[in-house]
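Every number in this text was worked out from the coordinates using simple rules, so none of it is lab data. If you're wondering where the values come from, they're calculated on a predicted model, not measured in any experiment. Neighbour counts are summed over all protein chains in view; Cβ atoms, including those assigned to glycine, are modelled from backbone coordinates with ideal geometry.
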Amino acid sequence: MNSLHAFEERVVFGRNIPPQVNACLQEVVACANDFERSRELLYRAREMKPDQLEIYIALYKICFYRGCFDEAEQVALDALQQSAKDAGFDADWQQLNAGSTDWAVDEGPARLYLYSLKALAFIRLRKGQHDLARQVLNKLQQLDLNDLVGGSVIMDLAQAL
């Protein structure tokens, strides 16, 4: 068994991920304790495949967990831009409504848009931007009527603050 094959078995990040991008993602898993190396690999993967939304999610998560909130916020905003482009709707969350797309689809760019919107709210809460976070969460409630991405958990946290 070669090392790339061993990497491929660690984590499934999604469907239709090109092998060279998946190899970068798997290497991130293998060196998860090395933030600089992980971040470098994720940016390299994003250069290879800028429309691979799973890369954005991994990148904003590691930046968030490392306390790089400004960078995490920017990556989440980039994820919103890319997923909106892929889904064919306006990237500005303030312009969206329940009819902008089928928000209940189980996977794909619209679902990843909702997850990234939730992440943006959480990042803003962590940055102490409570009003901005609540604005995002209110929009998320309007778009995700059935709370499929769990925005209510972050809303509860925001209300407790």
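Structure summary
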item	result
Radius of gyration, Dmax [the chain; alpha carbons; angstrom]	16.1, 52
Relative compactness, the range 77-161, computed as alpha-carbon Rg over 2.2 N^0.38 Å	1.00
With Cα atoms, 0 to 90° folded angle of helix 109-126 axis to the chain main axis	80
Using alpha-carbon coordinates, inclination of helix 69-87 to the longest axis of the chain, degrees	90
Of 83, 94, 132, farthest towards positive along the dipole that unit charges on Lys, Arg, Asp, Glu beta carbons give the chain	132
Percentage relative contact order, the chain, counting C-alpha pairs under 8 Å, at least six apart	15
Sequence of 38, 100, 152 once ranked by neighbouring C-beta atoms within 10 Å, starting from the fewest	152, 100, 38
Prolate/oblate/rounded label for the range 115-161 (Cα gyration tensor, a/c 1.5)	prolate
Total lysine pairs whose alpha carbons fall under 16 Å of each other in the range 19-161 (8 or more apart, or interchain)	5
